[in-house]
Amino acid sequence: MKILEVKKLTKIYGSGEGAVKAVDDVSFSVEKGDFIAVVGPSGSGKSTLLHMIGGLDEPTYGHVYVDGEDLYKQNEEQRAIFRRRQVGFIYQYFNLIPALDVRENIALPVYLDGREPDEARLDELIGLLGLSDREKHYPDQLSGGQQQRVSIGRAVINSPSIVLADEPTGNLDSRNSQEIVELLKDSNKRYKQTLIVITHDEDIALQADRIITIEDGRMSEYGAVRT
Amino acid sequence: MNVFRKITTDAMKKNRMRTAVIIAGVVVCAAMITGVLLFAASLQTFLANSARATEGDWYMRTQPISSTKISTMMADNRVMELDTSESIGFAKLSGSKNNDKPYLYISGYSENMYDTAAINIVEGREARTSKELVVSEALYSDGGVRYRIGQKVKLEVGKRIAVRSFKSYTGGKVKAGAQIWPNTEYAGSAEEITDTKTRTYTVVGICEQPNIEEYGSPGYTAITTPDNRASSKYCAFVKTEDPKDIYDFTADLNPASGSYTYNNNLLTYLGASSGFDSMTILYLVTLLLLLIITIGSMLLFVNAFSIATADRARQFGALMSIGATGRQLRHSMLEEALMIGAAGIPPGILCGIGGIWVVKNIISSTASEVFIEGSALVRFGLTVHPAYLLIAAGLTLCMLLLSAFIPARKVSKLPPVDAMRGIFKEDSKKPRVGISGAARKMFGFEGALASRNFRLDRRRYRGAIISLVLSLVLFISAGSLISFLSKEADDIYSWTGDFDIMYTGVPLQSGSSKLAAASAVTSSVRYKVFTVRTKVPLKNFTKEARAALKENGLTKGKNANIYVSVAVMPDSAFSKYAKKAGYSESGNDGSSSVKVIAPKEIYIYSGNGSYTTGVDISNGSKRGHMRFTGDNGRKFDVGVYYTSASPMGGRSFDQTITVYMPESSGSSFFGSDYIKAAGNNGSEKIYMFFKTKDPATTYNSMKRICRAEGLSSAGLMNAQADYEGFKNLISMMKILMYGFIMLLSLIAAANVFSTIATNILLRRHEFAMLQTVGMGPKNFVRMVCYSCIFYGMRALAYGLPIALLAMWGMYKILLYSTGTYMAFDLPWSCIIVSIISIIAVVVASILYSMHKLRKTGTMEGLRTAGF
């Protein structure tokens, strides 16, 4: 079942002679539960593509359909709710809220929904992330690896259908990187979440179901890793 | 749990200094609004109380009407209070010197009617029975009829009836046989007193001439107790619940023209009268001040919240990426505004009340002298009405909420990605700004960097610079206004400084000579003054003066036809003056035997521009001659000696030119009754000037003498007290104006501080990067200095020209309204102080930010890069 469909997606920055096509006419679809790796050289438009898929940046042309719904036909309020409930975002630089502790940072999307988190689920998730002894700590009291785990927790707390990760291991050492990838894969398998990861790491890319290669804003390859 | 509140309080705690500065701004803003509103309300109350004290506590009063009509009035539910004075009747006064006031008009007052009508008893007490009488002091000072306390008087009291019909100024046509109203002027043979009854009264009190006794009314006020007969007629003194209703209420009575009077001053001060009056001016000034405070404060608040939002843009972006809606973000900013409001508004209002309380105490002592005449004493009190406090709180809160909403809305509309990158829509529209090569050559790399940052951040600085400019303009304008008023005070003093007390009197009353014997008088001089005209060639005057003379209709052909005050002084006083003027008998101008001394500099009031021009009428020569023409056409030739000196009090005479002559030559030349010789019939023929050791004691002593001698004390003027009073008024204005501006400047300083500090902190990544490539502390200091120069200079570049323009405009308005000629003077001290202050604030802000940056450290600064 197609969870995501991208049609002729284009993003142009600037205008006239100075115009830059960050993403140029990209189209593909993703099945539910797939693990997709997006690879390509620096500045090729991978992050821009991910932002458009996640509803963070409006495309110049093209459409993004999530579960059959045209994402950019919705208004900003609806997209915000989409980002809250149907998408989980993980960044290279974590982007945690300094004023909130680990528990609060993970539960943040729930609070934004005006609800209180299911304490049991939160405890389970914190346990899975290996953060049980750190749950009252603040971001500046955590290592890079620990912060990224919090990020993952935040991304999956609402059981979104899609998890988007932009270089999730870019800021981590190799041991932490592998642990993070395992967590993501675990989440992908356990909750049947579609996972799209931008990465420079070939090892991580090879663990995906499919690889999308982006070069100069264009999709040059979309192929299965394993047949 | 409210995550946004936690995020907000965390941000506020992290930027303690900036949060404190904004809260301080809120305190000042709320205090100022409270202060302005309370002051205006207190001033209005004071003015209303002053009107009550001088004119009485009523809104409308009628001529005598029947008790049935009174009852009808009382039944109207608009009426709050209705007092009555019974119109008992008129009695012919024997021996009244005033032909237009031949009667005593007797009214019956209840006890509280004395307060309602503002009757001020100066001797004795109120009448308690129908056989007791209180009379107005004008009876003696104006009418020449003396009633003493304890004296028994027999009066034939009756009605004033028109013998034949006549036209009155007040009430239109009066029919034959009709009863004439008390306010209708004396009709001579057209009226008579009929239906008289003999009444005997004992005089128990003397009161000041009441204001309700009209100028033209033919009867001096006399008060007894009411008869309250069935046929009695009463004057109603009405107050309505809402003062504005009095006009409709009166119209509904369908009164005859002239049969009612409004207490216009009181109604004006209560804000009841329509049209442009002093209360309108008060309201407009209050609104203007509130507007200035609002602008100044909004500039701070909008700037502060813009910066807070910019600072938090990345966090907002992150929140938006995980699903926070724009509305949630905006609400969080509004909540921050509410928190700041809760912290700042209550103390602000308390400070406002406290501040005005202090101001009120300062004013209390001076205000009653400045505003009240006569012996009525009204204190300037503090009116604290909850409504004003609510308005102050509400207005400040609205400003805060609006200031938080505007930038929050801007950020929430951004794509989350741009918010996270700290990119704002307008940034993409900005042209590329690099380091200009010319700037680098002139100021070095640091200066070029400072210049570029300044150009990039210009938008954000606009608000701070505008508030600096506003403060600068107000400060310099206030400074020049104060110096202008001080100069005017000194100018008045230069006219009146050679004497302490002045008395002007109506025909030669012997009693006036007793004034020289009042307590503490050290010297005095008495002039008999009459008015004539003379011709002075127009070519003697400057172009300006000629225009002024033409406007006043004082030109005839090639000459100016000017009025002259001829002041005749005792021989001894004249010799003293002659010595001072350097005049000696020898060297006279042949033709005329009478010589006068004339101060050569005269002042002409221009009707249009209302300024005076100092003109030298001597045309360079020390001697000359003038021909005077009296009102009856009779001509007098006099030899004139021109001088720059004036004798004591000499500048206070009415006419354009004043000449002085000794008594001996005056009487020998004109004849002893030279006033009649000149054909003069007017009042105020005596001017007396006194110097005293203790002006206040002398003044009170003279008032007693006036009363005893039957002189009108209206002619007494305590010039020294008036001058002191004016100076106190200026001091009071100084305190109020500078206080206001200082507070406004605090807001401006807070604005500048918070803007500069945060804009530098927003650049910490850039500065950290510069450190890593080798920019050392000295380079940073140089960059800071250049930044100060750019920001400070920009504020001054806009502020000074605007301030000068405002000053020039004010100067022109003051010239026009006060009629005083004054040279345009720059208040240099104010200008210097403002320049130094602006530089100080800018320097302080930049130093603080650099200090914070240094504390942060390089790596952390670098880490604040992208995501």
Of all the strands (runs of 3 or more DSSP E) wholly in the stretch B:163-232, which have at least 3 residues that are free of Cβ contacts under 8 Å to residues at least 40 places away in the same chain and more than 39 Å from the chain's Cα centre (by Cα)?
B:191-207
Select the helices (runs of 4 or more DSSP H) contained entirely in the stretch B:1-82, then report the ones holding at least 3 residues which are modelled with pLDDT of 90 or more and among the hydroxyl-bearing types (Ser, Thr, Tyr).
B:67-75
Determine which member of the set A:GLY62, A:GLY68, A:GLY33, A:GLY127 is at pLDDT below 90 and not hydrophobic (A, V, I, L, M, F, W, C).
A:GLY68
In the stretch B:661-680, is there at least one residue being surrounded by 20 or more Cβ atoms within 10 Å (Cβ to Cβ), modelled with pLDDT under 75, touching a helix residue (DSSP H, G or I) at 6+ places or on another chain (Cβ under 6 Å) and closer than 30 Å to B:GLU208 by Cβ?
no
Applying the selection to the stretch A:13-30, what residues are touching a strand residue (DSSP E or B) at 6+ places or on another chain (Cβ under 6 Å) and either more than 13 Å from chain B (Cβ to nearest Cβ) or in contact (Cβ under 8 Å) with a residue 60 or more places away in the chain (or both)?
A:LYS21, A:ALA22, A:VAL23, A:ASP24, A:ASP25, A:VAL26, A:SER27, A:PHE28, A:SER29, A:VAL30
Consider B:ILE106 carefully, then state whether it is in contact with a Phe, Trp or Tyr (Cβ under 8 Å, 6 or more places away or on another chain) and assigned to a strand (DSSP E or B).
yes
For the stretch B:317-328, how many residues meet the condition of being surrounded by fewer than 24 Cβ atoms within 10 Å (Cβ to Cβ) and more than 7 Å from chain A (Cβ to nearest Cβ)?
1
Looking for whichever is of a type in the set (Ser, Thr, Tyr) and surrounded by fewer than 17 Cβ atoms within 10 Å (Cβ to Cβ) here; the options are B:SER278, B:SER297. Which one fits?
B:SER278
Tabulated pairs, the stretch A:114-128, first closer than 19 Å to A:ARG84 by Cβ and more than 14 Å from chain B (Cβ to nearest Cβ), second part of a helix (DSSP H, G or I) and at pLDDT 90 or above, C-beta under 6 angstrom, 6+ apart or interchain
A:LEU125/A:GLY153
Would you confirm, using the coordinates I've provided, whether A:ILE36 is within 14 Å of another protein chain (Cβ to nearest Cβ) and of a type in the set (Val, Ile, Thr)?
no
Find the helices (runs of 4 or more DSSP H) located wholly in the stretch A:122-213 whose residues include 3 or more that are in contact with a Phe, Trp or Tyr (Cβ under 8 Å, 6 or more places away or on another chain) and buried (at least 19 other Cβ atoms within 10 Å of the Cβ), and list them.
A:144-156
Looking only at the stretch A:65-89, count how many residues are within 10 Å of another protein chain (Cβ to nearest Cβ) and part of a strand (DSSP E or B).
3
Among (1) under 25 Å from B:ARG327 (Cβ atoms); (2) surrounded by fewer than 17 Cβ atoms within 10 Å (Cβ to Cβ), there is one condition A:PRO109 misses while meeting the rest; what is its number?
(2)
Filter result for A:GLY54 (in contact with a Lys or Arg (Cβ under 8 Å, 6 or more places away or on another chain) and facing chain B (nearest Cβ under 8 Å)):
yes
Residues in the stretch B:126-145 that are in a loop (DSSP other than H, G, I, E, B), farther than 19 Å from B:GLU213 by Cα and not β-branched (Val, Ile, Thr) total 3
Report whether or not B:THR286 is away from chain A (no Cβ under 14 Å), surrounded by fewer than 18 Cβ atoms within 10 Å (Cβ to Cβ) and among the polar types (S, T, N, Q).
yes
Enumeration of residues in the stretch A:90-113 that are touching a strand residue (DSSP E or B) at 6+ places or on another chain (Cβ under 9 Å) and more than 9 Å from chain B (Cβ to nearest Cβ):
A:ILE90
Among the residues of the stretch B:327-349, are any in contact with a strand residue (DSSP E or B) (Cβ under 7 Å, 6 or more places away or on another chain) and hydrophobic (A, V, I, L, M, F, W, C)?
no
Which number in (1) touching a residue at least 60 places away in the same chain (Cβ under 8 Å); (2) over 35 Å from the mean Cα position of the chain (by Cα); (3) on the phi > 0 side of the Ramachandran plot marks the one condition that B:PHE90 misses?
(3)
Looking at (1) in a loop (DSSP other than H, G, I, E, B); (2) surrounded by 14 or more Cβ atoms within 10 Å (Cβ to Cβ), which is the only condition A:MET52 fails?
(1)
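The values are calculated or read from the model by the stated rules, or taken from the named source; none is laboratory data. Not measured: the values here are computed from a predicted model. Every residue, glycine among them, receives a Cβ derived from its backbone with ideal geometry; neighbour counts consider all protein chains shown.
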